[in-house]
Structures are given as structure tokens and as C-alpha cells.
Amino acid sequence: MRRSSTHDAIVIGAGPAGTSLALALARSGWAVAIVEKTIFPRRKVCGEYISASNLALLDRLGIGEAWRADAGPEIRRVGFFSGNTSVEAPMPGVKHGAAAKDGFGRALGRDVLDFLLLKAAEKAGAELFQPWRAVAIDRDGEVQAVRIQARDETSRDQASILRAPVVVAAHGSWEPGPLPSQLEKTNRSSDLLGFKAHFTGSSLAPDLMPLLTFPGGYGGMVFADHGRMSISCCIRRDMLARLRRNLARKRQNHVSAAEAVQHHLMASCRGVNDALEGACLDDAWLAAGPIRPGIRSCYEKDIFRVGNAAGESHPIIAEGISMALQSGWLLASELAGARSGEAGREAAGRRYKAAWTGLFSTRVHVAAAIARLALGPGGATLMETALRNVPRALTLGAQLSGKTRLVPGFG
């Protein structure tokens, strides 16, 4: 079956960046199509923490109360677990603007958050194509044609052409593909691969979110919804391969990547071992990557980019969801008032790039500096020494990462 339809905007990807954009545009009267390849609800490799600076935005998007009802406890302390070292300090709270009533961030599973946002976008009028995959983008006169494919219940290919003057890449940066906005797949020994799992029965303090450093990687832990403790981490590809070989040799059997990661975390970080001792794994570990930190183009070849497609910080600062939500809102704000035609889109693209850079570039650079220190020779030891002597440096780091910076227009 083949059909064709025309919209004002086509959004590829239904994560927080894509759905926040689609929702805002639909409420502005735009005809929006969302293309998402996966059935929801679905789990994702993600730290799941949302800074308090986003809560006024969640209210504006219409999911604030639902988020408050489901999210985990307020995170009032930031921590550092490395080797035998455990350090804690106050988490900076939002004390001004519309978010002041919610001074501290909380965590909510992506299986819950993404579903909330997508349903809100549909309710606002966005047309959903799920599970469909965008496989090509071509110029078609004054608009762009996005070819999407799916399989029906009889495993037959279905194809459709969606047309719109505005196409937004919200597909992330981890998965390669045929679209001009997708990154080329490369494999390097220094690649950072992402892992994530939920545990129940963890002894981690409910109000604490510790940064984890361990040989070859870094990560974090936080209590999310329904008593689930979320642990996520990144580990170098070469270190993971070495860990799997060594553990397999010791056990005399095959060892999965997830087994090697969990064993390494618990063996090299006392804080993780204490938090997971007696806890139960809630569903299987997830893996993704490699991650591709850095600043990319916000608008290129008539394609706008939001979320990780536009730029990605090292997840060591736990700001991924914040950057996704806020970038979607920034672009929607620029597009809603843009003139029609190519010149109008280019002007909106320039304004969006300037706004994106002003809001996110510091976070990206701070995250890169912290990650280099954590992953470099002797870096974790240096961090341990510094933080034991000056625990409040954790509070400063949380501020520099953007956790108290409100989205423009919400102050």
C-alpha cells in the first residue's frame, strides 16, 4: 500500500525532543506528522533525571501534573562514588521563576515519560506514524518528501510519502541510517558504549544522585518511578572487551556485555556494590551507542535538528533529557513565528542556532572537561582527592552543568 500526505512539519523521532517540538507546533495550529520506528511504551538507555529548571516547561507542555504524580523522589543531594570514596554535597535548587515551587529535579523512566509526551502531542492534533521508519528525504519542488516504511501483520512492506516544507531530525545520534542527518557508523577502541538497568530494593538514599567513576568509564544512579533505582553508565569499548575476556576466563563460560559491566561496577566502586547488594534486577540491561558527544549543525540542507541530533553532551552531567526538551521548545518558538518560504526557514535556523548555542554550549564543554578528567590516567584519583577536600565542588559542578538555568521565557 502506498499513500501520500502533506503537512506543515514532519518530525522524525518521538523522544522528548521530537514530541516537545511537535506538541508545541500542533498547539500553534501547525499540521504535524511524527514518524517513530518503535512501539511505545519502550525503554531507553538514559539516566532519566530531569532538572527542576524543566518543570515549568513540562507544565506548559501539559504533562507537568502527570509527571509529578509518577516521578521519583526529589534529588536534594549530589554525590560522587569512586573506588572506596563516597562524597556528598547539596544539590543546587531552582529558587526563582516559575519553577521555584519545584526546586529540585526528579527522575522518571523513559518508558513513562516518552509515552506521556507522545499522547499529549497526539491530543494536540499531531498525526502519528508508528511503527514507521524514515528511509529517505528528497526535495520535491517547494517542499521535502520523506519516504517512510513499515511492515504490516503479514510482513509485507508498506510505504508512504509525507511532504512538508519543514523536516526535523529528532532521531538521536546513536543509530546510523540512510538519512542525511544521521551520523556515519564508525567503530573505535575508544568509543563509549552506553548501558542502563533498573533495580528494585536498592539501598541508595532516595534523595541522592551520585556520579560514578570507575576504570574505563563513568555513570550515575538515581531513584526513578515506582521504587525503581536507575543506573546508567558509559564504558570504553576496549575496556569492555578486556573485562569480558577476563571474566569469561575466570568463570570458564561465556559472559555477556551486561554481566561484565555489572560485575565491573560492583567490584570497582564500593558505593555501587552497597547500593546493589540485595537489590533485584528489574528487566534486562539495555545497551546502545557509541555515544557521539559534541556540537553539530542545528540547521543544514533544509533539515532542522533537535536533541542529540543537534548536539550531545557527555552524559556524565545528567542533562540529556533537559537538552532534548529545551531544544524542541526553542525550535518550536522560532518556527511558530517564522516567515514562509526558504528564506524564512533559513532565518529561523540562524535564530535557533544562536539560541541553542547560548543555552547549551557551556553544558557540552563542561561535560567534556569532566569526562576527560574521569577517563584520563589518574583522573579519577585526582577527582577523589579534590572532592574529599572540597565536597561543595559537586554543587558547583551541578550549577555549571545547567541544572538551575531556566529555559528562556520561563524566568
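What follows is calculated from the coordinates using simple rules that are stated; it is not laboratory data. As the structure is a prediction and not an experimental result, all values here were calculated from the model. Here Cβ is always computed from backbone atoms with ideal geometry, including for glycine, and neighbour counts include all displayed protein chains.
If you line up the Cα atoms of segment 348-411 on their principal axes, what length do they span on each, largest first, in Å?
46, 25, 8
List the pair-distance distribution P(r) of segment 176-313, using every Cα-Cα distance, as the percent of pairs falling in each 5 Å bin from 0 up to the bin containing the longest distance, rounded to whole percents.
Taking all Cα pairs of segment 176-313, the binned fractions are 2, 9, 17, 18, 17, 14, 11, 8, 4, 1, 0 percent.
Express in whole angstrom the spacing between the alpha-carbon centres of segment 186-221 and segment 368-396.
16
Work out, in µm²/s and without decimals, the Stokes-Einstein translational diffusion coefficient of segment 305-404 at 20 °C, 1.002 mPa s, Rh from Kirkwood over C-alpha pairs.
141
Going through the cross-link list Lys44/Lys185; Lys44/Lys119; Lys44/Lys250, which pairs have a Cα-Cα distance over 23 Å in this structure?
Beyond 23 Å: Lys44/Lys250.
Which residues' amide hydrogens lie under 5 Å from the amide hydrogen of Gly109, considering only partners 5 or more residues apart or on another chain, with H built in the peptide plane?
HN-HN under 5 Å from Gly109: Asp225.
Can you work out the Karplus-derived ³J(HN,Hα) for every residue in segment 60-72? Use 6.51 cos²θ - 1.76 cosθ + 1.60 with θ = phi - 60°, whole Hz, and x for glycine or proline.
Values, residue by residue: 4, 6, x, 10, x, 5, 5, 5, 4, 5, 9, 5, x Hz.
Would you mind computing, in nm to one decimal, how far apart the modelled labels at Ala248 and Ser203 are, each placed 7 Å from Cα along Cα→Cβ?
About 3.4 nm, to one decimal.
Arranged by the count of other C-beta atoms within 10 angstrom, fewest first, what order do Glu346, Glu319, Glu36 take?
Result, fewest neighbours first: Glu346, Glu36, Glu319.
Just to be sure I understand: with springs between alpha-carbon atoms less than 10 Å apart, which residue in Arg42, Arg236, Arg251 has the highest mean-square fluctuation in the Gaussian network model of the chain?
Its mean-square fluctuation being the largest, the pick is Arg251.
How far is it, in nm, from the label point at Lys95 to the one at Ala287 when both lie 7 Å from their Cα along the line to the Cβ?
4.5
Using modelled backbone amide H atoms (1.01 Å from N, in-plane), which distant-in-sequence or interchain residues come within less than 5 Å of Ile303's amide H?
Under 5 Å from the amide H of Ile303 lies no amide H from a residue far enough along the sequence or on another chain.
Please compute the length gained on full extension between Ala393 and Arg339, using 0.36 nm multiplied by the number of residues separating them and subtracting their Cα-Cα distance. Walk me through the numbers before you get to the answer.
Numbers: separation 54, 0.36 × 54 = 19.44 nm, distance 4.58 nm.
This chain segment gains 14.9 nm when fully extended.
When the chain is fully extended, how far beyond the present Cα-Cα distance does Glu346 get from Thr6, taking 0.36 nm per residue of separation?
Value of the extension gain: 120.3 nm.
Most mobile of Asp157, Asp207, Asp191 per a Gaussian network model of the chain (Cα springs, under 10 Å)?
Asp157
Suppose we take every Cα in segment 270-309 and form the convex hull; what volume per residue is that in Å³?
137
Using only the alpha-carbon atoms of segment 46-93, report the extent along each of the three principal axes, biggest first, to the nearest angstrom.
Rounded to whole Å, the extents work out to 43, 20, 16 Å.
Each residue of segment 373-390 in turn: what ³J(HN,Hα) in whole Hz from Karplus with 6.51, -1.76, 1.60 and θ = phi - 60°, glycine and Pro shown as x?
Coupling constants for segment 373-390: 5, 5, 8, x, x, x, x, 4, 5, 4, 5, 4, 4, 5, 6, 5, 7, 9 Hz.
Tell me, what HN-Hα J-couplings in whole Hz come from the Karplus equation 6.51 cos²θ - 1.76 cosθ + 1.60 at θ = phi - 60° for each residue of segment 394-400, using x for Gly and Pro?
Each residue's phi maps through the Karplus curve to give 5, 4, 4, x, 5, 5, 5 Hz.
For segment 261-367, what is Rg from Cα atoms divided by 2.2 N^0.38 Å, rounded to two decimals?
Cα Rg divided by the expected 2.2 N^0.38 Å: 1.46.
Give the value in nm², to one decimal: projected area of the alpha carbon convex hull of the chain, averaged over all directions.
Working: hull surface 79.9 nm².
Orientation-averaged projected area of the Cα hull: 20.0 nm².
Which percentage, to the nearest 5, of the DSSP beta bridges contained in the chain is antiparallel?
Antiparallel bridges: around 65 percent, rounded to the nearest 5.
Evaluate the Kirkwood expression for the hydrodynamic radius of segment 48-178, namely the inverse of the mean inverse distance over all pairs of different C-alpha atoms, and round to one decimal in Å.
Here the Kirkwood hydrodynamic radius works out to 18.5 Å.
Taking the convex hull of the alpha carbon atoms in segment 33-125, what volume per residue do you get, in Å³?
Once divided by residue count, the hull of segment 33-125 is 115 Å³.
Mean projection of the alpha-carbon convex hull of segment 6-66 over all orientations, in nm²?
Approximately 5.1 nm², given one-decimal rounding.
Restrict the search to segment 158-226; then list the trypsin sites (Lys or Arg not before Pro) that DSSP places in a loop and that have at most 14 other Cβ atoms within 10 Å of their Cβ.
Here the trypsin sites (Lys or Arg not before Pro) that fit, given the DSSP loop and packing criteria, are Lys185, Arg188.
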